[in-house]
Amino acid sequence: MEQYKLFDAEFKFMCIVWDEEPLTTRRLIELCQEKLGWKRTTTYTVLRKLSDRGILKNENFIVSSIIKREQVQKYESEVVVEKSFGGSLPKFIAAFLNDKTLSDDEAEEMKRLIDLHKEGQK
């Protein structure tokens, strides 16, 4: 599961890949320069590292993800809940909603998700 850990710069890089894939290495270099201010060598270094870790692939100058955005988001959210809230989802939600209000639509969506994931409901 540790393979889903991305540092901030890697996550920003992968967001470009996820949003644009499949894309050529040439286009990726252009986008990283435009959106991240990176030089070509930096883009190639991160591309190689993430490819070596099995997060993306670069075949015939075409880049695409192996690990999807949702997998990384799931991993990162689980790490936060476990590390900061002792694995308690209710404590996480209480902290997250502390100073916020939900619209009726958001509240209904949360209720729907809770009902969907109740024990015995799957």
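The values are calculated or read from the model by the stated rules, or taken from the named source; none is laboratory data. Treat the numbers as computed from the prediction; the structure is a model and nothing was measured. Counting neighbours? That spans all protein chains shown, and the Cβs are built from the backbone with ideal geometry, glycine included.
Here are a few things to note about the model shown:
- Beta carbons closer than 8 Å, at least 6 apart along the sequence or on distinct chains, pair a first residue in region 34-60 that is under 12 Å from A9 (Cβ atoms) with a second that is acidic (D, E) and in a helix (DSSP H, G or I) for V46/E10; K49/E10; L50/E10.
- If you go through region 61-95 and keep only what is in contact with a Leu (Cβ under 9 Å, 6 or more places away or on another chain), part of a loop (DSSP other than H, G, I, E, B) and in contact (Cβ under 8 Å) with a residue 24 or more places away in the chain, you end up with just I67.
- Within the option set D19, D99, being surrounded by fewer than 14 Cβ atoms within 10 Å (Cβ to Cβ) and modelled with pLDDT of 90 or more holds for one residue only, D19.
- E30, sole failed condition from (1) under 19 Å from the mean Cα position of the chain (by Cα); (2) among the acidic types (D, E); (3) not assigned by TED's automatic domain parsing to the domain that holds M110: (1)
- Restricting K111, K57, K91 to residues that are in contact with a strand residue (DSSP E or B) (Cβ under 7 Å, 6 or more places away or on another chain), of a type outside the set (S, T, Y) and over 19 Å from F7 (Cβ atoms) narrows the list to K57.
- Counted residues, region 100-118 - those being farther than 20 Å from S77 by Cβ and outside any helix (DSSP H, G or I): 2
- Looking only at region 41-52, and only at residues there that are crowded, with 16+ Cβ neighbours inside 10 Å and not hydrophobic (A, V, I, L, M, F, W, C), the one that is nearest to E20 (Cα to Cα): T43
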